[in-house]
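Here is the structure we will look at, set down as structure tokens.
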Amino acid sequence: MSTTVRVWDLPTRIFHWALVASVIDLVITAKLGGDAMAWHFRCGYAVLTLLLFRMVWGLVGGHWSRFRSFLYSPATVLRYLRGQGAPEHSVGHNPLGSGSVFALLGFLLLQVASGLFSDDEIAALGPLAKFASGAVVRAATFYHAEIGKLILLGLIALHLGAIGFYLLRKDRGLVVAMLHGDKTLPFTASDSRDDTKARLLATVVLSACIALVIWLLKQAE
Ligand code: HEM
């Protein structure tokens, strides 16, 4: 008997696809430079807002979006790699995928943070650069433009490769679940809460994150 489980609540799905759109925009505008940098900054602030939202949602969001639901011990990861995973590992992020999720979130945060302190000494000056010493700004700029972007492109390639692998080799359509939220499973599992109350809570959290980012930028004016 198979059951349908709500794995990704609507706020997590919107977070994911808004993040994808923003990161694509960031890559394109960084390549274009010049006037396009205005959009690079705007999308950077959008990613910062999304990441702040996801950090809170990892604590109060739907069951499978909570960090504790995909925080695995090294022993569990090793068992999973040896093919001894538990059935519930296929519901949310599995022990291998969870590492890439935390890495993506962490390095995206580092990328945005370093961008805020970057200065290309031509036309693009991060809003917080004026508060830091020259050495910090140079280090942030070097990391942002030379290191962080490569790490992120590598992680995104790995992310897409893993999704393709699960689709082709394991016949698991992870992408549709990130679109409509549900997975059909051969066992029962708890649903992520995704009712009006949960969505209202997400709206309040997102509004607070937007307000925090606007406040931060106002301090830097
Ligand atoms: C800029 C590119 C991308 C970034 C930065 C990114 C980032 C992420 C992050 C952070 C998560 C964790 C979601 C959460 O728990 O909040 C995730 C999950 C996921 N992403 Fe992406 N993503 C990207 C592109 C894509 C694309 C293009 C697809 C589809 C073709 C995709 C499909 C998925 C799926 C299916 C999951 C859930 C994986 C699982 O079941 O464990 N992602 N992604």
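Values quoted throughout were computed directly from the atomic coordinates according to the rules given, and no laboratory measurement underlies them. Just so we're clear, the structure is a prediction, and the values are computed from it rather than from any experiment. Note that we place each Cβ from the backbone using ideal geometry, even for glycine, and neighbour counts take in every protein chain shown.
The overall shape of segment 22-71, judged from the alpha-carbon gyration tensor, is prolate: a/c is not under 1.5, and a/b is greater than b/c.
I want to check the label-to-label distance for A162 and K31. Put each point 7 Å from Cα in the C-beta direction and report it in nm to one decimal. Computed distance between label sites A162 and K31 equals 2.5 nm.
Among the trypsin sites (Lys or Arg not before Pro) in segment 17-125, those located in a DSSP loop and surrounded by at most 13 other Cβ atoms within 10 Å of their own Cβ are R82. From Cα pairs below 8 angstrom and at least 6 apart in sequence, can you work out the relative contact order of the chain, rounded to a whole percent? 36 percent. Does segment 98-221 classify as rounded, prolate or oblate by the C-alpha gyration tensor (a ≥ b ≥ c root eigenvalues; a/c under 1.5 gives rounded; else a/b over b/c gives prolate, otherwise oblate)? The shape class here is oblate. Net charge in the neighbourhood of P95 (other residues with Cβ under 13 Å of its Cβ; Lys, Arg +1, Asp, Glu -1) is +1. Among the chymotrypsin sites (Phe, Trp or Tyr not before Pro) in segment 134-217, which ones are in a DSSP loop with at most 14 other Cβ atoms within 10 Å of the Cβ? Mind listing them? Here the chymotrypsin sites (Phe, Trp or Tyr not before Pro) that fit, given the DSSP loop and packing criteria, are F187.
Restricted to Cα atoms, the chain shows a radius of gyration and a Dmax of 19.1, 63 angstrom. Compared with the dominant Cα axis of the chain, that is its longest principal axis, helix 37-60 is turned about 40°.
In degrees, nearest 10, range 0 to 90: what is the angle between the Cα axis of helix 95-116 and the longest Cα principal axis of the chain? Helix 95-116 sits at roughly 10 degrees to that axis. With the simple model of a label 7 Å out from the Cα in the direction of the Cβ, Q219 to L81 spans 4.1 nm.
What shape does segment 1-119 have by the C-alpha gyration tensor, where a ≥ b ≥ c are the square roots of the eigenvalues, rounded means a/c under 1.5, and otherwise prolate means a/b greater than b/c and oblate the rest? It comes out prolate by the Cα gyration axes. Per residue, the chain reaches -21000 deg cm²/dmol at 222 nm when only DSSP H runs of four or more residues are counted, each adding -39500 (n - 2.57).
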